[in-house]
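Below is one structure, written out as structure tokens, with a few remarks after it.
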Amino acid sequence: MSTSVSQLDNRLKLCSDFVRKGAKLADIGTDHAYLPVWLCRIGRCPSALAADINPEPLKRGEGTIIESGLSDRIETRLSDGLKEIRRDEADDIVIAGMGGELIAKILSECSFATDSSKHFILQPMTRSEVLIAWLCENGFKIIKQDCCVASGRCYTVLLVKYIGEKISTDEIYYYLGELSPKNNETHLHFVEGHLNRLSKQAVGDVRFAVLADRIREKIYDND
């Protein structure tokens, strides 16, 4: 892996952009450990934990870390979500490459998720609306959200922290979050993916058609 940013695909690059300078990193579901290696190599993070639930991906990650010469700064750990990560070991936690429901489950089982000093960078592969609904219900605020296209697919990344207050919001927010589809073409591309899925769901349940119409009205009106 070279030092060029282009060696991270757009999805991981967007995740990396949300990590604070000087933050200790935990990368959950690390697979090849590209993200922690990159962040430590460019000096953004002084240290990192590369964690995965399965031994095989962790072995791949260990290979990347050894090849990069960063074994003194990046530790691998077998962990089901954040269960084997201690509060003092990470400031910024990336949970990427899994479904929104699983990310919500990992957060719900994390002993330090309610520490407001922690930043969580979340990249749901599917069901981002389920994740956002869970965040709102459980006292987490989306600080920043953005989208990117990688390998022909549009992804969203959320930067969140715990604020301890349930966020009461319209159901539309679960699909839009903090995105600006009126002003950003990539954001619009992502939201249109939601609309396509809602249209398919509407075949069996008219409520999804109503919701899709409300989202369209929100993003396509001229206000």
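The values are calculated or read from the model by the stated rules, or taken from the named source; none is laboratory data. The structure presented is a predicted model; accordingly, all values stated were derived computationally and were not measured. All Cβ positions, glycine included, derive from the backbone under ideal geometry; neighbour counts span all protein chains shown. In case anyone asks, the SASA skips ligands and DNA or RNA and just uses the protein heavy atoms, side chains included. Shrake-Rupley method; radii C 1.70, N 1.55, O 1.52, S 1.80 Å.
Quick one: which residue in Gly81, Gly99 is surrounded by fewer than 16 Cβ atoms within 10 Å (Cβ to Cβ) and either farther than 21 Å from Asp17 by Cα or modelled with pLDDT of 95 or more (or both)? The unique qualifying residue is Gly99.
Of all the residues in the stretch 86-95, those that are under 18 Å from the mean Cα position of the chain (by Cα) and either open to solvent by 10 Å² or more (accessible area, probe 1.4 Å) or modelled with pLDDT under 95 (or both) number 1.
Scanning the stretch 138-161 for residues that are farther than 22 Å from Gly193 by Cα and of a type outside the set (Val, Ile, Thr) yields Asn138, Gly139, Phe140, Lys141, Lys161. Each residue in the stretch 113-143 was checked for being over 22 Å from Pro36 (Cα atoms), in a strand (DSSP E or B) and open to solvent by less than 40 Å² (accessible area, probe 1.4 Å), and 2 pass.
Select from the stretch 55-68 the residues that are open to solvent by less than 80 Å² (accessible area, probe 1.4 Å) and out of contact with any helix residue (DSSP H, G or I) (no Cβ under 9 Å at 6 or more places or on another chain) and list them in ascending order. Within the stretch 55-68, Pro55, Pro57, Leu58, Glu62, Gly63 qualify. The set of residues in the stretch 168-197 being in a helix (DSSP H, G or I) and within 13 Å of Ser128 (Cβ to Cβ) consists of Tyr173, Tyr174, Tyr175, Leu176, His187, Phe190, Val191, Gly193, His194, Arg197. Only one of Ser151, Ser180, Ser168 is hydroxyl-bearing (Ser, Thr, Tyr), within 26 Å of Ser116 (Cβ to Cβ) and open to solvent by 80 Å² or more (accessible area, probe 1.4 Å); which? Being hydroxyl-bearing (Ser, Thr, Tyr), within 26 Å of Ser116 (Cβ to Cβ) and open to solvent by 80 Å² or more (accessible area, probe 1.4 Å) holds for just one of Ser151, Ser180, Ser168, which is Ser168. Pairing residues of the stretch 89-118 that are in contact (Cβ under 8 Å) with a residue 12 or more places away in the chain with residues that are among the polar types (S, T, N, Q) and part of a loop (DSSP other than H, G, I, E, B), at Cβ distances under 8 Å and at least 6 apart in sequence or on separate chains, gives Asp91/Ser117; Gly99/Thr126; Gly100/Thr126; Leu107/Asn138; Ser108/Asn138. Select from the stretch 183-223 the residues that are open to solvent by 90 Å² or more (accessible area, probe 1.4 Å) and of a type in the set (S, T, N, Q) and write down the one among them that is farthest from Asn10 (Cα to Cα). Ranking the candidates gives Asn222 first. Here Lys24 fits the description: open to solvent by 10 Å² or more (accessible area, probe 1.4 Å), touching a residue at least 12 places away in the same chain (Cβ under 8 Å) and of a type in the set (Lys, Arg). Within the stretch 156-164, one or more residues are charged (D, E, K, R) and assigned to a strand (DSSP E or B). The condition of being under 14 Å from the mean Cα position of the chain (by Cα) and not hydrophobic (A, V, I, L, M, F, W, C) holds for only one of Lys59, Lys83, Lys161, that being Lys161.
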